[in-house]
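This report concerns only the one structure given below.
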Amino acid sequence: MTTADHFAELATRRSVVVCCGTGGVGKTTAAAAIALEAARRGRNACVVTIDPAKRLANALGIESLSDTPAEIAPAIWDPAGTSTGRLSALMLDTKSTFDRLVTRYAGDEDQSRRILDNRFYRNVSGALGGTQEYMAMEKLHELHAEGGYDLIVVDTPPTRHALDFVDAPARLLRLLDNRVFRLLMMPTRAYLKVASIAVQTFLRTVARVVGRDVIDDVVAFFRAFEGMEAGFRERAAKVQELIADDETAFVLVTTPRRDALDEAEFFAHRLTDHSLSVSALIVNRVHPSFTDTPLTVLHAEAERLAADDPARAERYRALAGLETVARHERAELTRLRERLAHADVVLVPLLAHDVHDLDGLATIADHLFGARPLPPDTASA
Amino acid sequence: MELADFCSTSRVVIVAGKGGVGKTTVTAAFAVAAARAGRSVLIVEVEGKSGLTAAFGLAPLTYDEIELAPGIRARTLTPDEALIEYLEDHGMRRISRRLAASGALDVVATAVPGMKDILVLGKIKQLEQQRVADLILVDAPAAGHAVTFLMSPAGLLDAIRVGPVRKQANDVVEMLRDGSRCQVMLVTLPEETPVNELVDTAFALEDRVGLQLGPVVVNACVSDPPADATVDDPEAAAISAALAFARERHVMQRGEIDRLADRLPLPQIHLPFLATASIARAELDVLADAFVDGVAHLKGPA
C-alpha cells in the first residue's frame, strides 16, 4: 500500500481524527480539508474547529461559537453533485459545552443552577487553562456517541502545550477534587480543624489579598459541586477511552522549518508517552525545488558569471537561494522521517494564497490525498 | 532614527504577534542591535520554551537570569514562580511551595482570572523600576493570548476593589499606558492571515488596553527577483520556474505589506527572509543589521 492510500484511510476508515500542532502551521485548514475529503468520498463528516481565521469560518458558515454543528450545503463543497456524503462544521463554544456537562451530571435543576450561576464556575469554564482542550475532547465524545457522524475531525487549541487535551481531563478533575477546598466544603467548623494551620493561614492571606468574596465563591462552588465528581470522572474516563481507541487517529500538522519540526517531534514523543501514536504528519508550506544540480555548482556558476554577465549571475544566485531553502527543508524532513518511521508523511506545497474558501480547502485536500501531483522533486525527498 | 534613540523610546518593549511569525527571532535580533549600540538588554520570556537560547547556542532558559551574549541577558517568567516569589515577599515563605504543590494555588488563580498574568506583568514592572537593564524585551504570548494577557490588569481593577493585588494591577496599568515606559512592537509575516490578526490585535491593544504601539515588524520578506531572460543555459528551465515562483510570492507579499500600511497607520520595519533552516548567531547578525536599517528609516520623535 502506498503512503497516499494509507493516508487516505484517515478519511475513509477512521471515525475520529485529532489534528495537533503549534499555532500558525495550518492546523485548522488541514482538519477541514480531511473532513471535506471524507465527505467527498461519501461519508458523513464533521469538523470541530477551535479558532479558525475569520474568512475560513465564513466560508464554512460558522461565524459564531456554537454548541451544535452546522451542515454545509452540498452545492458549496460538491458543486458537481457527485458525492452522497455530508459535511458539517462547528466552532467550539467552550462555555456552553461545559454548561451542558454540568447540567447532565447535576442531581437536579437546583444544583445545576447553583453551579452555573457561581462566579468561580464561570471562571473555571472560561479562564482555566486546559478547559478549552478538555471541552474540545468532550464535544468530540458527545458528537461521536450521539451525532451519527462517520468521521469527526477535531482541531486542537493553538497552545504551546499542544497536547494539553490529553492531560486536560485529569487536570480538571484534580482541580475539582482539590483536597484543600474539599475540606472547606464541609459544613461544620469541626472539619476545619482537620485543615492544617498552613492551609488556614494561606486562606486567610488569600482572602486578605483578593477579597473575602472570592473565597466565598470558591467555597460555594465546591459545596454545589458535591456529588458530581463521580459523573465527571466517569465521563473523563470515557473521553480518554475514545482518545485511545483504534478508530482514533492523530495527525501532526507542521511546517518544514526546523523549530516547527522539532516541536512536531516533541509532540510525537509526548503522544507515545501516553501510549498513543501518530498516524500521519502533514507538512504544510513546503518550498518547491527546481533542479537537481548541486548548490556548489550553482554558486560557482554565479561566481564565474559575476564579472561578464552580472544579470545572469544574479539569476543563478536567485535560483541558488530558493534551492537552499528547498534542500534544507528536505534534509530536515528526511531527518524527521527517520525518527518517525511509523507515520505517513504528507507534503503540501507552499501555496501563493491563504486558504479561505472551499475551493482552497479542496486544493489542500487534493494535495493531501494525492489527487494533485506533488510539487517537483518532493516525491524523492 | 538612530538605533540608540529608538532604544531610549521606552524601557520595556513587548514583542507580540501570531504564533509562527518569528517573534522570538525578532526579539533576539532587536537585542543584538541594541547591545551593539551599547545598551544592556534583558529578554524576558513568558510562555515557556522557545528557540531563543538555541540561536545563541545555549541551553533553554530558566527562572534565573543567564547571559546570552555580552550585553544581552535572558530569563523566563512563569506565573507559578512569580506567585511563589510574590507569596515569599508577602511573608509566606514557609508554605508557598507546599501550597503550590498541593494545587491550591491553581484554585486561587482560577478564582481570580488574570491573577497569573498580573503576577508576571507585576514582576516585569518590578524589573523595569529596578532598572535591571537599559531595555527589557518581553517575548509575549501568541496574538490572541497577548491581548488577554495585557488586558488582565485593567480587568482586575474592575473585579478587585481593595488590597495588594489591586495596587499591583494599578501599577501595571500605569506602566502599560505610559509610552515612555512601555510599548508594544507587533510582528507579522507578509501574508494574509497574520496581517489580519495583527490589525485586530493592534486595535484591541490600543483601544482596550491603552498601549503605545511602536513600529510593526514585517518578518521574512522575500526580495524582488531579477528579471528573467532567454539564454542558452543548462539551468534555463529551472531558473525560469524559480523566478516565476519568486515573483508570484513577491507580488503577493507586496500586496499584503500595502494592505497592512493601509489598515494600520504605523511605520514598518522589514526584515529579510533568510535561506536557512534555522536561526543561529550569524543569521541574528544579518537580521540585526536589517533592524538597524529599518529603524534608520523611521522618523524621529515629533
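The values are calculated or read from the model by the stated rules, or taken from the named source; none is laboratory data. As the structure is a prediction and not an experimental result, all values here were calculated from the model. Neighbour counts are summed over all protein chains in view; Cβ atoms, including those assigned to glycine, are modelled from backbone coordinates with ideal geometry. When the accessible area is computed, the model is the full protein with side chains, heavy atoms only, and any ligands, DNA or RNA have been set aside. Shrake-Rupley method; radii C 1.70, N 1.55, O 1.52, S 1.80 Å.
In table form, for the structure just shown:
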| quantity | calculated |
| --- | --- |
| Output for region A:76-130, where each listed residue is under 23 Å from B:PRO113 (Cα atoms) and polar (S, T, N, Q) | A:THR94, A:SER96, A:THR97, A:SER112, A:ASN118, A:ASN123, A:SER125 |
| Only listed residue being free of Cβ contacts under 8 Å to residues at least 40 places away in the same chain, surrounded by fewer than 21 Cβ atoms within 10 Å (Cβ to Cβ) and over 18 Å from B:LEU213 (Cα atoms), chosen from B:GLU85, B:GLU2 | B:GLU85 |
| Selection count where residues are within 14 Å of another protein chain (Cβ to nearest Cβ) and part of a helix (DSSP H, G or I), scope region A:319-360 | 19 |
| Residue count, region B:137-146 (criterion: surrounded by fewer than 24 Cβ atoms within 10 Å (Cβ to Cβ) and either of a type in the set (S, T, N, Q) or away from every other protein chain (no Cβ under 13 Å) (or both)) | 0 |
| Unmet requirement for A:GLU265, which otherwise passes all of (1) touching a residue at least 60 places away in the same chain (Cβ under 8 Å); (2) open to solvent by 70 Å² or more (accessible area, probe 1.4 Å); (3) away from chain B (no Cβ under 12 Å) | (2) |
| Those residues of region B:171-180 which are in contact (Cβ under 8 Å) with a residue 40 or more places away in the chain and either touching a strand residue (DSSP E or B) at 6+ places or on another chain (Cβ under 8 Å) or not in a helix (DSSP H, G or I) (or both), in sequence order | B:MET175, B:LEU176, B:GLY179, B:SER180 |
| Matching entry among B:GLN183, B:GLN168 (being surrounded by 17 or more Cβ atoms within 10 Å (Cβ to Cβ) and not in a helix (DSSP H, G or I)) | B:GLN183 |
| Qualifying residue in region A:222-234 (condition: open to solvent by less than 20 Å² (accessible area, probe 1.4 Å), closer than 30 Å to A:ARG114 by Cβ and within 14 Å of chain B (Cβ to nearest Cβ)) | yes |
| Top-ranked residue in region A:130-166 [being in contact with a Gly (Cβ under 7 Å, 6 or more places away or on another chain) and closer than 12 Å to A:CYS19 by Cβ; ranked as modelled with the highest pLDDT] | A:PRO158 |
| Those strands (runs of 3 or more DSSP E) lying entirely in region B:15-80 with at least 3 residues of a type in the set (A, V, I, L, M) | B:41-45, B:66-69 |
| Where a residue in region B:259-281 is within 14 Å of chain A (Cβ to nearest Cβ) and touching a residue at least 12 places away in the same chain (Cβ under 8 Å) and its partner, wherever it lies, is buried (at least 17 other Cβ atoms within 10 Å of the Cβ) and of a type in the set (S, T, N, Q), with Cβ under 6 Å and at least six apart | B:ILE279/B:THR25 |
| Failed criterion for A:LEU374 (all others in (1) surrounded by fewer than 16 Cβ atoms within 10 Å (Cβ to Cβ); (2) at pLDDT below 90 hold) | (1) |
| Qualifying positions in region B:186-212 - open to solvent by 20 Å² or more (accessible area, probe 1.4 Å), out of contact with any Ser or Thr (no Cβ under 9 Å at 6 or more places or on another chain) and more than 11 Å from chain A (Cβ to nearest Cβ) | B:PHE203, B:GLU206, B:ASP207, B:ARG208, B:GLY210 |
| Identity of the residue in region A:273-318, among the β-branched types (Val, Ile, Thr) and open to solvent by 50 Å² or more (accessible area, probe 1.4 Å), that ends up nearest to the other protein chains (Cβ to nearest Cβ) | A:VAL297 |
| Some residue of region B:217-230 being open to solvent by 30 Å² or more (accessible area, probe 1.4 Å) and of a type in the set (S, T, N, Q) | yes |
| Condition met for A:VAL102 (touching an Asp or Glu at 6+ places or on another chain (Cβ under 9 Å) and at pLDDT 90 or above) | no |
| Residue match in region B:95-117 (condition: modelled with pLDDT of 85 or more, surrounded by 23 or more Cβ atoms within 10 Å (Cβ to Cβ) and in a helix (DSSP H, G or I)) | yes |
| Subset of region B:34-79 (residues that are among the polar types (S, T, N, Q) and either in contact (Cβ under 8 Å) with a residue 40 or more places away in the chain or open to solvent by less than 20 Å² (accessible area, probe 1.4 Å) (or both)) | B:SER40, B:SER50, B:THR53, B:THR76, B:THR78 |
| Residue that is nearest to the chain's Cα centre (by Cα), among those in region B:5-33 that are of a type in the set (Val, Ile, Thr) and open to solvent by 30 Å² or more (accessible area, probe 1.4 Å) | B:THR25 |
| Residues located in region A:232-267, provided they are within 20 Å of A:GLU9 (Cα to Cα) and in a helix (DSSP H, G or I) | A:LEU242, A:ILE243, A:ALA244 |
| Region A:305-328, residues that are among the aliphatic types (A, V, I, L, M) and farther than 19 Å from B:ALA241 by Cα | A:LEU305, A:ALA306, A:ALA307 |
| Test for B:ASP232: is it without any contact (Cβ under 8 Å) to a residue 40 or more places away in the chain, within 12 Å of another protein chain (Cβ to nearest Cβ) and not β-branched (Val, Ile, Thr) | yes |
| Evaluation of A:THR248 against (1) on the phi > 0 side of the Ramachandran plot; (2) at pLDDT 85 or above (one fails), failing number | (1) |
| Residue check, A:ASP308 charged (D, E, K, R), farther than 24 Å from A:ASP155 by Cβ and part of a loop (DSSP other than H, G, I, E, B) | yes |
| Any hit, region B:150-159, residues being open to solvent by less than 40 Å² (accessible area, probe 1.4 Å), at negative phi, free of Cβ contacts under 8 Å to residues at least 24 places away in the same chain and more than 9 Å from chain A (Cβ to nearest Cβ) | yes |
| Residue check, B:THR201 part of a helix (DSSP H, G or I), in contact with an Asp or Glu (Cβ under 6 Å, 6 or more places away or on another chain) and either under 17 Å from B:LYS23 (Cα atoms) or free of Cβ contacts under 8 Å to residues at least 60 places away in the same chain (or both) | no |
